1. Given the residues Ala148, Ala119, which is the only one that is closer than 29 Å to Glu184 by Cα and among the small types (Gly, Ala, Ser)?
2. Has the range 31-40 got any residue that is under 28 Å from Gly146 (Cβ atoms), in contact with a strand residue (DSSP E or B) (Cβ under 7 Å, 6 or more places away or on another chain) and of a type outside the set (Gly, Ala, Ser)?
3. Quick one: in the range 99-119, which of the residues that are loosely packed, with under 15 Cβ neighbours inside 10 Å and of a type in the set (Asp, Glu) is nearest to Cys160 (Cα to Cα)?
4. Just to check your reading of the model, which residue among Ser194, Ser143 is hydroxyl-bearing (Ser, Thr, Tyr) and within 28 Å of Gly60 (Cα to Cα)?
5. Among the residues of the range 1-23, how many are under 23 Å from Ile129 (Cβ atoms) and under 14 Å from the mean Cα position of the chain (by Cα)?
6. Quick one: Ala26 ticks every box in (1) under 23 Å from Glu135 (Cα atoms); (2) free of Cβ contacts under 8 Å to residues at least 40 places away in the same chain; (3) of a type outside the set (Lys, Arg); (4) touching an Asp or Glu at 6+ places or on another chain (Cβ under 9 Å) bar one, so which box is it?
7. For the range 160-216, list the strands (runs of 3 or more DSSP E) that sit wholly inside it and hold at least 3 residues that are touching a strand residue (DSSP E or B) at 6+ places or on another chain (Cβ under 8 Å) and under 18 Å from Asp149 (Cβ atoms); which are they?
8. State the number of residues belonging to the range 69-114 that are among the basic types (Lys, Arg) and under 16 Å from Arg48 (Cβ atoms).
Amino acid sequence: MLFGGLLEQSICAIVGTYGTGKTMFALQFAYEGLSQGDGVIYISLEEREELLRATMAQKGWDLEGFGDRFFLLRLDPTDFNLAISSIKSELPALIRSTGASRVIIDPISLFEGLFLDEATRRQEMFRFIEVMRDEGCTLVLTSETGPADPDGSRYGLVECLADTVILLRYIRSAGFTEVYLALEVVKMRRSRHSREIKPFDILENEIMVYSEASLF
């Protein structure tokens, strides 16, 4: 669907409501990078570190084997000053010192919510994205959908800032007897991509996208 995958040194937003698999996509992206020898920084603003590690261990991923190429950090979004400083100031320095080529922030919507007014939020997010573009890494941001728009992020910013936007959603059958998980590549700069909505499953040790199937 992405015609080869995400472009290196691009910014991808994975947007979806609760339970659609945003964190699982982010973890899979991290694991694939580690398996290929990349350095990975994973910043969680929601899930506790031990729970994320337990999820990865449950899938049989040997984190110890990746050594110091994997940095899993949990920030408390309620500590405004610490979270802002860590993401804006300390993250670029950490990327440079570790040589990480993949960075994940899960979910960026909690970071956006730290700013009380829309003007400040927009200014700070634009500034942060510009800084990250200079770091030479591939950045994946997960975002919750907004209450008024199930097809958009909570604050409507990451879609504008990201190069690639992947929307995860529920599709209910006509008789409301089944619920399917589905994804859509809404946007992808500098590359062709599928315009279709495709079903997917989160399996024990992988995510399976049924690119040949059709929901409609």
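The values are calculated or read from the model by the stated rules, or taken from the named source; none is laboratory data. Predicted model, so just to flag it, every value in this text is computed and none were measured. Because the Cβ atoms are built from the backbone with ideal geometry, glycine has one as well, and the counts that use them run over all protein chains shown.
1. On the way: Ala119 fails: closer than 29 Å to Glu184 by Cα.
Only one candidate passes the filter, namely Ala148.
2. Of all residues in the range 31-40, those under 28 Å from Gly146 (Cβ atoms) come to none.
No, the conditions are met nowhere in the range 31-40.
3. We begin by selecting, within the range 99-119, every residue loosely packed, with under 15 Cβ neighbours inside 10 Å; these are 99, 116-119.
From what is left, the residues that are of a type in the set (Asp, Glu) are 117-118.
Values: Asp117: 18, Glu118: 15 Å.
Only one residue tops the list, namely Glu118.
4. Details: Ser194 fails: within 28 Å of Gly60 (Cα to Cα).
Checking each option against the conditions leaves just Ser143.
5. Going through the range 1-23, the residues under 23 Å from Ile129 (Cβ atoms) turn out to be 2, 5-16, 22-23.
From what is left, the residues that are under 14 Å from the mean Cα position of the chain (by Cα) are 6, 10-16, 22-23.
Total meeting the criteria: 10.
6. Checking Ala26 against (1) under 23 Å from Glu135 (Cα atoms); (2) free of Cβ contacts under 8 Å to residues at least 40 places away in the same chain; (3) of a type outside the set (Lys, Arg); (4) touching an Asp or Glu at 6+ places or on another chain (Cβ under 9 Å), the one that fails is (2).
7. Details: elements: 164-172, 179-188, 197-202, 207-209.
In the range 160-216, 164-172, 179-188 are the strands (runs of 3 or more DSSP E) which contain 3 or more residues that are touching a strand residue (DSSP E or B) at 6+ places or on another chain (Cβ under 8 Å) and under 18 Å from Asp149 (Cβ atoms).
8. So the count comes out to 1.
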